[in-house]
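A.B. asks: One structure follows; several queries about it will come next.
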Amino acid sequence: MKRNILKITLSLLALLLFSNNINAQDGVVKIEQDSDITKLLEYKKDVKTVDLYKIQLDFGSRSEAESLKRKFQNTFAQWPAEMVYETPNYKVWVGNFSTRLEADIALLEIKKKFSKAMVFEPKKDD
């Protein structure tokens, strides 16, 4: 019995001594990348190679759509706006959002000024 307690105590003591000597390696990673990579990543976001979501502000005549687009661009410069013609209306579409969540978050902000705005997924050109 005494021998078992001694073995357990020595085992625990050895385990504690060895565990203090175990250290993870520390390192610093420095990434140097060409500034063109950032530009290419931004360009890739605009290329329609992935499923994108957009926000439609409203639709109507050409003059109404142009006015709406100008108003949007003056209010929200962070998202691109485009005017699209689909017979018989001109529509104002905003953004290239890669996820529905990203589009919904933007919609919350946009709806404060443009109450008819809605998120949609444009048809793919096949």
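The values are calculated or read from the model by the stated rules, or taken from the named source; none is laboratory data. These numbers come from a predicted model, not from an experiment. Virtual Cβ from ideal backbone geometry, glycine too; neighbours counted across all protein chains shown. Note: areas computed on protein heavy atoms with side chains; ligands, DNA, RNA excluded. Shrake-Rupley method; radii C 1.70, N 1.55, O 1.52, S 1.80 Å.
A.B. asks: Is at least one residue of region 36-52 surrounded by 10 or more Cβ atoms within 10 Å (Cβ to Cβ), modelled with pLDDT of 85 or more and touching a Leu at 6+ places or on another chain (Cβ under 8 Å)?
C.D. replies: Checked against the condition, which is being surrounded by 10 or more Cβ atoms within 10 Å (Cβ to Cβ), modelled with pLDDT of 85 or more and touching a Leu at 6+ places or on another chain (Cβ under 8 Å), region 36-52 yields no hits at all.
A.B. asks: Is it fair to say Ala65 is hydrophobic (A, V, I, L, M, F, W, C) and touching a Gly at 6+ places or on another chain (Cβ under 8 Å)?
C.D. replies: Spelling it out, it is not the case that Ala65 is hydrophobic (A, V, I, L, M, F, W, C) and touching a Gly at 6+ places or on another chain (Cβ under 8 Å).
A.B. asks: From the list Asp125, Asp104, which one is acidic (Asp, Glu) and modelled with pLDDT of 95 or more?
C.D. replies: Asp104
A.B. asks: Quick check on region 107-123: of everything there that is open to solvent by less than 90 Å² (accessible area, probe 1.4 Å) and part of a helix (DSSP H, G or I), which residue is nearest to Phe97 (Cα to Cα)?
C.D. replies: The residue in question is Leu107.
A.B. asks: Quick one: Tyr90 ticks every box in (1) more than 16 Å from Gln73 (Cβ to Cβ); (2) open to solvent by less than 70 Å² (accessible area, probe 1.4 Å) bar one, so which box is it?
C.D. replies: With (1) more than 16 Å from Gln73 (Cβ to Cβ); (2) open to solvent by less than 70 Å² (accessible area, probe 1.4 Å) applied to Tyr90, the lone miss is (1).
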